[in-house]
Amino acid sequence: MAVLLLVFGYGTYRLVTEATERKGRGVGLQNVRIVLDDPLFRSAIGHNLRLLLALPILTALALLVAILLNEALRGWRVHRFAVFLPYVLPIPVVGVIFSQVLTLHGVLNQGLDAIGLGGLSEDWLGQPRWALSAVGAVIVWKELGFGVVLFLSRLLSLPADVFEAARVDGAGFWRLHTKITLPLLRPIIAFYLVIEGITLVSWVFNYVFTLTRGGPADATQVAETYIYSTATTYNAPSLAASAACVLMVGVFAMMVAFTIARARLAEDDR
């Protein structure tokens with residue numbers, strides 16, 4: 001408790017103190033109002049919310065891959081390792097690799113040209129309309145392995161006789177997993193949604209900074225990069241602290257909402 005109070009409690013206190021001061025003078029919520037009125041900050045928050053659209057895609061893919069691996073897919077141990085490997089790679093390494101893959105003359109576009117789909121080639125990180133989607137795709141690729149291992153570990157612990165009985169009764173693949181597997185995985189799915197939801201809102205700085213640095217034309221600017229650039233490039237630590245407080249409150253509210261939803265799911269399961 002003492003360590004938690006020292007690390008988080010004091011850090012939060014200093015953050016709030018910095019956010020309510022300017023050049024040593026108390027200004028109340030003026031810094032927060034300036035930040036909230038900044039179109040760039042509102043745009044950054046909008047980009048974080050748009051990245052949340054990747055959450056259902058990420059969860060569905062992780063569930064599908066975990067179920068396929070649990071069905072004793074040939075070579076499933078190799079596939080499990082291949083799927084989990086990206087998750088253990090450092091994010092800066094992933095960012096540097098994909099910043100080369102997704103350029104106009106990168107490996108992706110070269111592959112499209114090789115199979116006759118050169119018309120689909122784009123400068124995925126260099127065009128504002130595609131840049132944020134490309135960042136989201138990289139996040140899905142990186143975070144997929146955690147969900148697969150999480151869901152697969154739960155699937156391996158479920159009683160096999162339940163699935164065998166359903167198969168004997170004539171349940172097919174989709175009916176088996178929608179009526180039996182998904183209900184049994186609901187608490188784990190809820191936990192995964194909480195973790196990845198927080199990641200997409202407040203832990204994407206490394207992805208954005210190594211891939212695009214917030215560009216092009218601020219098309220991938222998120223709350224974290226806004227805070228970083230405000231504190232360093234524009235030398236406005238009070239405004240940066242205010243933006244960090246807004247982000248902290250938003251993440252805390254989201255955690256509370258997810259926790260309440262998870263508790264209700266647990267009650268329904270009982």
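Quick one: if you stick a label point 7 Å off each Cα along the C-beta vector at Trp76 and Thr17, how many nm between them?
Distance between label points: 5.5 nm.
Nearest 20 debye, what's the magnitude of the dipole of the range 21-269 about its Cα centre given +1 on Lys and Arg Cβ and -1 on Asp and Glu Cβ?
On the way: 19 positive and 17 negative charges, 60 e Å.
Around 280 debye, computed over the range 21-269.
Over the range 21-269, what is the mean sequence separation of C-alpha contacts under 8 Å (at least six apart), divided by residue count, expressed as relative contact order in percent?
Numbers: 259 pairs, mean separation 72.5, N = 249.
Computed over the range 21-269, the figure is 29 percent.
Helix-derived [θ] at 222 nm for the chain: sum -39500 (n - 2.57) over DSSP H runs of at least 4, divide by residue count, nearest 500? Could you put the intermediate results ahead of the total?
On the way: 14 runs with 194 residues, N = 270.
After summing the helix terms and dividing by residue count, I get -23000 deg cm²/dmol.
By the gyration tensor of its Cα atoms, with a ≥ b ≥ c the square roots of the eigenvalues, what is the shape of the range 21-269: rounded for a/c under 1.5, prolate for a/b over b/c, or oblate?
Details: a/c = 2.86, a/b = 1.45, b/c = 1.97.
Oblate is the answer for the range 21-269, as a/c is 1.5 or above yet b/c matches or exceeds a/b.
Hey, rough spin-label estimate for Leu182 and His105, points 7 angstrom out along Cα→Cβ, what's it come to in nanometres?
If labels sit at Leu182 and His105, their model points lie 4.7 nm apart.
Report, by chain and number, residues whose modeled amide H sits under 5 Å from the one on Glu21, excluding near sequence neighbours (fewer than 5 apart, same chain).
It is Val27, by chain and number.
Shape of the range 1-154 from its Cα gyration tensor (a ≥ b ≥ c, root eigenvalues): rounded if a/c is under 1.5, otherwise prolate when a/b > b/c, or oblate? Write down the numbers at each step before the final one.
Values: a/c = 2.85, a/b = 1.51, b/c = 1.89.
Because a/c hits 1.5 or more and a/b fails to exceed b/c, the range 1-154 counts as oblate.
So for each of 176-182, 225-231 I average, over its residues, the number of other beta carbons within 10 Å; can you give me the resulting order with the highest mean first?
Details: 176-182: 15.6, 225-231: 21.4.
Highest-to-lowest ranking by the protection proxy: 225-231, 176-182.
Using label points projected 7 Å from each Cα along Cα→Cβ, tell me how many nm separate Leu29 and Leu117, to one decimal.
5.0 nm
From the backbone phi of the range 209-217, what are the Karplus-calculated ³J(HN,Hα) couplings (6.51 cos²θ - 1.76 cosθ + 1.60, θ = phi - 60°) in whole Hz, Gly and Pro given as x?
Using θ = phi - 60°, the values come out as 5, 7, 8, 9, 6, x, x, x, 6 Hz.
Fewest to most neighbouring Cβ within 10 Å: what's the order for Ser202, Ser238? Present the calculation step by step, with values, prior to reporting the outcome.
On the way: Ser202 18, Ser238 21.
Listing Ser202, Ser238 from fewest to most nearby Cβ atoms yields Ser202, Ser238.
Here, each number is a calculation from the coordinates, and none is a lab measurement. None of these values were measured; they are calculated from a predicted model. All Cβ positions, glycine included, derive from the backbone under ideal geometry; neighbour counts span all protein chains shown.
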